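Notes to accompany the following structure.
The values are calculated or read from the model by the stated rules, or taken from the named source; none is laboratory data. Remember, predicted model here, so these are calculated numbers, not experimental data. Virtual Cβ from ideal backbone geometry, glycine too; neighbours counted across all protein chains shown. Heads up: the accessible areas ignore ligands, DNA and RNA and are worked out on the full protein's heavy atoms, side chains in. Shrake-Rupley method; radii C 1.70, N 1.55, O 1.52, S 1.80 Å.
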Amino acid sequence: MFVETDRLSISDGSKIQTTTFGEASRIGNVDIQAREIKIFETPVRNVFSTGIFGGVQIDSRNETPPSANSGGNVTIQTEWLRINGGRVSSGTSGRGSAGNLLIRASESVELVDNAPETGSLTFIGTGVSEGATGEGGNLTIETGRIRLFGDSDIRSNVFAEEGSGGNIMLIAD
């Protein structure tokens, strides 16, 4: 999936996502090019997470874990990326490995924790969920400036007994 625009806003349960819930040899990639990207939640509780996602995910209607070979890569090229109550992530909940996550923001990346009433988490990360056997993807952020406020974070999580997390590389001027 390729998205090219001047400004991109994603809010209140909206998402751009490439994910498999079953068997696939490889999932497509997400490639976004925009001058300015804002991902945010307003003070309304949402059932769905807001953000940009890639990966191998469990379908709650199916007990069999997905077995894709690899989740799609997520690449974001922008001048400014601001996340407030949303997330950018790649993960696996199955046997396949998560895709890599690359963010190139020439000016800045800013993560701000959202108002507590929304219950949203603000982060950029890769991960391996409980019960998964895949590997976490690598996370690379190249930016002029990076700022994190409140409980926002950059992460590579492993909640499974098998598998390993991906590497995190931060390059900031």
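Among the candidates Leu148, Leu170, Leu121, which residue alone is closer than 22 Å to Asp31 by Cα and either surrounded by 17 or more Cβ atoms within 10 Å (Cβ to Cβ) or not aromatic (Phe, Trp, Tyr) (or both)?
Going through Leu148, Leu170, Leu121 in turn, the sole match is Leu170.
Annotation note: Cβ proximity below 7 Å between a residue of the range 84-105 that is charged (D, E, K, R) and a residue that is part of a strand (DSSP E or B) and open to solvent by 10 Å² or more (accessible area, probe 1.4 Å) (sequence gap 6+ or interchain) occurs for Arg87/Phe123; Arg104/Gln77; Arg104/Glu142. From the list Gly144, Gly137, the lone residue that is within 17 Å of Leu170 (Cβ to Cβ) and at pLDDT 95 or above is Gly144. A single entry from Pro66, Pro43 fulfils the requirement of being at pLDDT below 75 and open to solvent by less than 20 Å² (accessible area, probe 1.4 Å): Pro66.
Is there any pair linking a residue in the range 146-161 that is among the polar types (S, T, N, Q) to one that is outside any strand (DSSP E or B), with Cβ under 8 Å and at least six apart or on different chains, and which? Partner pairs satisfying both residue conditions: Ser152/Asp113; Ser152/Thr122; Ser156/Gly136; Ser156/Gly165; Ser156/Gly166; Ser156/Asn167; Asn157/Gly136; Asn157/Gly165. Per the conditions (1) at pLDDT below 95; (2) touching a Leu at 6+ places or on another chain (Cβ under 7 Å); (3) of a type in the set (A, V, I, L, M, F, W, C), the sole criterion not satisfied by Ala34 is (1).
Quick one: would you say Ser152 is among the polar types (S, T, N, Q) and over 13 Å from Gly55 (Cβ atoms)?
The answer is yes for Ser152.
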